[in-house]
Amino acid sequence: MVRLKDSKRLYFPHIEGLRAVAALLVAVYHIYLGRVSGGVDVFFVVSGFLITLSLLHKIDDAGRLQWKDFLSGLAMRLLPAAGLVLILVVVLTFLFLPEARYFETFREVLASFLYVENWQLAIQAVDYLERENAQSPVQHFWAMSVQGQFYVIAVCVFIAALQIARWASRGLVPALAATYAAIVVVSLAYSIYQTHFGNQVWAYYDTFARVWEFCLGGVFGLAVHHRRNLALPAVLGWIGLVVVMLVGMIFQVGSVFPGAAALVPTLAAVLVLFGGRSDAWWSVGRVLGSPAFLSLGAVSYGIYLLHWPLLVVYREWAQVTTVGLIPGLVIILVSVAGAYAMRRWVELPFLEMRKKGLGMRRKAIAALATPLLLGFIGVFAWQALPTEEVPIEVADFPGARALDGSASWRVDREPGDFIPDLRTARRDVPRPSREGCHARLNTDEAVWCAYGETDVPERTVAIVGGSHSAQWFPALENIAHRHGWRILHSTWSMCRFEVPSRLSNTNGGQRCDTLMDAAMRFLTEEARPDLVFTTANAAAETRPPDRFITPWEALAETGIRVAAIRDNPWMRERVPECLSRSPADLTECGAPREEVLAGEFDASRAPSNVRLIDLSNYLCNEEMCPPIIGGTLVYSDRHHLTSAYVLSLEEQLESRLLAIMEEQEPREQRRIAGLRTPSADDRRGRPRIDNEVQREIERLWAAEFPPSGSSIEQRIPAVLECGPAGSAPPFTRKMEIQVAGDQLIAVSGDWEQRRSNFDAWRGWVDGSEIRFRGHYQTGDYPVRTVSLQGSYEEGELEVHGTRGPRDCTLRASTV
């Protein structure tokens with residue numbers, strides 16, 4: 001049987017004061033200094049210390065751990081306040097945050113409630129596009145998530161140690177001490193490696209890079225359990241407190257933790273814990289254990305929970321990035337007052353309920369957690385699920401198609417209807433980003449994916465570089481399908497097609513150089529594509545920098561041409577959020593051209609194998625770079641183009657690429673092993689066809705056109721006029737009718753492959769009567785049915801009917 005020397009609870013009043021100091025440090029550093037304090041690391045050590053002592057107390061006389069009682073007690077202690085704050089965040093989000101931030105915020109609210117917010121932030125941190133998100137009002141819940149996960153780890157450690165102690169007929173404390181010490185060594189080593197040689201941003205949120213801090217506190221908890229009068233000299237306690245308060249000034253905690261530097265606040269917290277137990281009248285324990293600090297310590301949890309959402313909402317409401325003295329004090333005072341109110345009316349009633357037994361606790365937790373979980377899932381699903389699909393016609397939202405290539409066009413001050421909507425704009429990312437063909441920040445291994453005509457390609461185009469190369473993929477894929485080209489795609493977060501990387505002498509620069517070395521070997525030795533597509537510059541640069549020219553010259557040596565596209569403007573703020581705040585005037589969210597796209601682009605220093613593509617006049621007129629052009633949202637964040645706007649530039653991009661291709665004969669199209677070939681069915685913008693429609697299409701086109709033994713006799717230009725559909729206005733478009741005997745087809749777009757934006761109708765002539773049956777698709781919407789009939793008399797054709805939800809008329813004349 002496992003027996004403990006003494007089951008009497010230990011009490012350390014100055015720990016409450018240390019908690020208060022840590023909570024206020026976190027708030028002050030966040031509010032006034034805009035940086036991280038290291039106070040969270042103090043919380044972790046204190047939590048490990050106290051949880052270890054609490055678990056020791058939960059071992060009954062039979063040597064069994066009452067883990068259900070322990071975890072239910074924690075839930076009753078933590079869940080009510082956390083749930084209330086998350087509800088408050090949802091309300092404040094609706095009241096003060098831009099609509100464009102709803103999805104990310106509600107996703108993180110749900111992650112916070114499920115105690116996985118640290119992993120959500122870690123995933124976002126290694127996704128370059130997600131890193132563009134604004135700080136969410138629940139971002140601080142990452143620490144609560146790590147702490148909650150440690151509680152489960154601690155229970156597992158205790159259960160394992162109890163079993164080991166029984167098998168070895170040894171005491172529990174030595175088994176626990178050995179286990180904790182092993183975790184400290186392994187986790188700290190992993191933390192140091194990830195922070196200094198791996199991915200620091202991931203490590204910051206990684207539970208396994210943080211668990212050593214809890215276990216360090218646990219080791220000292222076991223020490224004080226074994227030797228109850230354990231204390232350090234009072235002076236060490238004061239030194240520890242000073243270090244705790246200055247850590248955030250000594251270190252850039254957000255960029256160097258949780259590696260070796262995190263030993264400073266954690267060991268300083270240990271000094272406070274044991275230096276505060278000194279009997280000296282001037283010990284730090286006398287101050288931190290005073291009534292004022294005890295009172296603040298009791299509400300430190302609430303202060304931590306409340307200060308951050310209030311800060312985020314204030315910054316958004318006041319449109320500031322720094323907080324003044326008075327507003328900062330108001331945020332702190334409101335956080336403290338709110339924490340006391342939560343303690344009095346939320347936390348204490350639930351703590352009283354803990355005394356009523358395990359069964360009552362379970363009922364209370366279920367009654368609290370179930371509606372909260374369903375509610376948070378509901379608000380997230382409301383944002384995450386697709387909206388009702390309304391047919392979108394290119395004529396209604398032409399984007400760049402409305403421009404002629406000059407810079408003399410006018411900016412509409414009022415936006416009107418536009419696509420994509422603000423709710424989904426941030427998720428409008430190119431297909432390779434969703435399919436693992438865009439290297440995230442936590443890897444230096446590039447994946448090459450093949451798209452387009454992968455079997456017998458006419459040409460091969462390699463898309464390389466950063467996210468500003470990847471954003472052009474939707475248009476390039478459509479162009480490749482039309483011309484039988486193969487696309488080789490490999491792009492990388494935070495890295496460009498440059499040598500050396502602008503991030504040289506950093507971990508990020510080493511990663512970029514590794515990716516570039518591998519890419520150059522692949523391009524020059526294995527793939528040898530007809531064309532490399534990449535960016536010509538970054539942001540407002542007016543000529544290609546030397547680090548871009550270097551790899552272009554290396555490609556020239558193997559005869560590989562380069563299509564270098566001038567970078568798009570980088571706006572002053574995230575455009576969807578700006579439009580959420582200022583929907584009435586587009587100029588508020590645009591930027592002066594001279595500020596973000598100054599001057600003509602000088603490519604004179606580029607080697608002879610490089611051709612510049614400059615579409616700047618489709619992004620800015622002479623004075624302004626607006627956020628919406630031709631009813632299409634241009635930017636998904638501050639500097640990435642939406643896929644919808646890229647697709648509207650498809651014709652312009654295609655004409656320039658064809659001109660480049662015509663300068664050189666096709667190269668040998670090599671077979672390349674190891675390429676990832678994502679399914680064509682996964683392509684965003686593909687026709688989505690249900691089984692019944694698919695069978696109808698197969699029946700309709702079972703007979704070839706023109707019929708065997710005949711040829712197309714006429715190609716007749718026609719005009720299609722369609723009425724409104726819901727809020728979508730009417731439109732007029734040109735089509736072509738092809739005639740072969742008594743059969744006709746009316747077609748437009750990429751009708752042969754039935755890809756996005758096509759019409760393919762089959763027609764039959766019976767005397768003077770004509771009927772058409774077919775299908776069409778616009779954008780990413782499902783394939784829909786067309787049915788029209790009418791007459792052909794005296795050279796005039798006119799048919800009426802429906803095209804999806806619209807009433808339409810097709811007219812043509814052969815006179």
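The values are calculated or read from the model by the stated rules, or taken from the named source; none is laboratory data. Predicted model, so just to flag it, every value in this text is computed and none were measured. Every residue, glycine among them, receives a Cβ derived from its backbone with ideal geometry; neighbour counts consider all protein chains shown. Please note that ligands, DNA and RNA were not included when accessible areas were found on the heavy atoms of the full protein model with its side chains. Shrake-Rupley method; radii C 1.70, N 1.55, O 1.52, S 1.80 Å.
A few comments on the model shown:
- Computed over the stretch 538-656, the P(r) curve from all C-alpha pair distances, binned at 10 Å from the origin, holds 13, 40, 31, 13, 3, 0 percent per bin.
- Signed unit charges on C-beta, dipole axis of the chain, positive-most listed residue Ser255, Ala425, Val330: Val330
- Of Cys578, Cys156, the order by accessible heavy-atom surface (1.4 Å probe, DNA, RNA and ligands excluded), from most exposed downward, is Cys156, Cys578.
- Heavy-atom accessible area order for Trp472, Trp67, Trp317, largest first, 1.4 Å probe: Trp317, Trp67, Trp472
- Separation of the stretch 165-212 from the stretch 315-337 is 38 Å, based on Cα centroids.
- C-alpha center-to-center spacing [the stretch 786-815, the stretch 566-630] in angstrom: 42 Å
- Solvent-accessible ranking of Asp60, Asp444, largest area first, probe 1.4 Å: Asp444, Asp60
- Cα gyration tensor of the stretch 13-375 - equivalent ellipsoid semi-axes, whole Å, descending: 31, 24, 22
- Think of each Lys and Arg Cβ as +1 and each Asp and Glu Cβ as -1; about the Cα centre, that makes the dipole of the chain roughly 5420 debye.
- Among the trypsin sites (Lys or Arg not before Pro) in the stretch 87-186, those placed in a DSSP loop whose Cβ has at most 16 other Cβ atoms within 10 Å are Arg170.
- Viscosity 1.567 mPa s, temperature 4 °C, Stokes-Einstein D of the stretch 34-128 from Kirkwood C-alpha radius, µm²/s: 79 µm²/s
- The sum of -39500 (n - 2.57) across all DSSP H runs of n ≥ 4, divided by the residue count of the chain, sets its helix-only mean residue ellipticity at 222 nm to -14000 deg cm²/dmol.
- Positive-end ranking of Ser300, Gln319, Ser112 along the dipole of the stretch 13-375, with charges on Cβ about the Cα centre, is headed by Ser300.
- Remark on the chain: Cys156, Cys215 stand apart, with no other cysteine beta carbon under 4.7 Å.
- The coefficient of translational diffusion for the stretch 56-211, derived via Stokes-Einstein from the alpha carbon Kirkwood radius under 4 °C and 1.567 mPa s, stands at 73 µm²/s.
- Take the Cα radius of gyration of the stretch 399-667 and divide it by 2.2 N^0.38 Å, N being the number of residues; the result is 0.98.
- Degrees separating the helix 211-226 axis from the principal Cα axis of the chain, which is the longest one: 10 degrees
- Degrees, to the nearest 10: 473-483 long Cα axis against longest axis of the chain: 30 degrees
- Accessible surface of His196 - all protein chains present, 1.4 Å probe, nearest 10 Å²: 70 Å²
- Whole-Å distance, taken between Cα centres, linking the stretch 403-469 and the stretch 221-240: 58 Å
- Residue-level accessible surface for Lys68, protein heavy atoms, 1.4 Å, Å²: 100 Å²
- For Leu658 and Ile123, a Förster radius of 45 Å and the Cβ-Cβ distance give a FRET efficiency of 0.70, rounded to the nearest 0.05.
- Overall, the stretch 509-595 carries a charge dipole of about 80 debye about its Cα centre when +1 sits on the Cβ of Lys and Arg and -1 on the Cβ of Asp and Glu, all other atoms neutral.
- On Cα atoms only, tilt of 546-556 relative to the major axis of the chain in degrees: 50 degrees
- Summary of packing: across the peptides 806-814, 445-453, the per-residue average of other C-beta atoms within 10 Å ranks them, highest first, as 445-453, 806-814.
- Available extension along the chain between Leu267 and Ser54 is 74.5 nm, counting 0.36 nm per residue and deducting the alpha carbon span.
- Once backbone amide H atoms are built at 1.01 Å from N, Ala439 has Val447, Thr491, Trp492, Ser493 as its partners under 5 Å, excluding neighbours fewer than 5 places away on the same chain.
- Computed log10 I(q)/I(0) for the stretch 277-398 at 0.10, 0.11, 0.16, 0.19 Å⁻¹: -0.62, -0.71, -1.05, -1.14, from the Debye equation with unit scatterers placed on every C-alpha and solvent omitted.
- Working note: Debye formula, equal point scatterers on the alpha-carbon atoms of the chain, no solvent; log10 I(q)/I(0) at q = 0.06 Å⁻¹ is -0.51.
- Computed over the Cα atoms of the stretch 52-98, the ratio of the radius of gyration to the Kirkwood radius (Rg/Rh) comes to 1.34.
- Think of the chain as a dipole: +1 on every Lys or Arg Cβ, -1 on every Asp or Glu Cβ, centred on the Cα centre; then among Gln738, Val575, Phe70, Phe70 lies furthest on the positive end.
- Its Cα centre serving as origin, the stretch 13-375 has a Cβ charge dipole (Lys and Arg +1, Asp and Glu -1) of approximately 1140 debye.
- Accessible-area value, Arg427, 1.4 Å probe, nucleic acids and ligands omitted, Å²: 60 Å²
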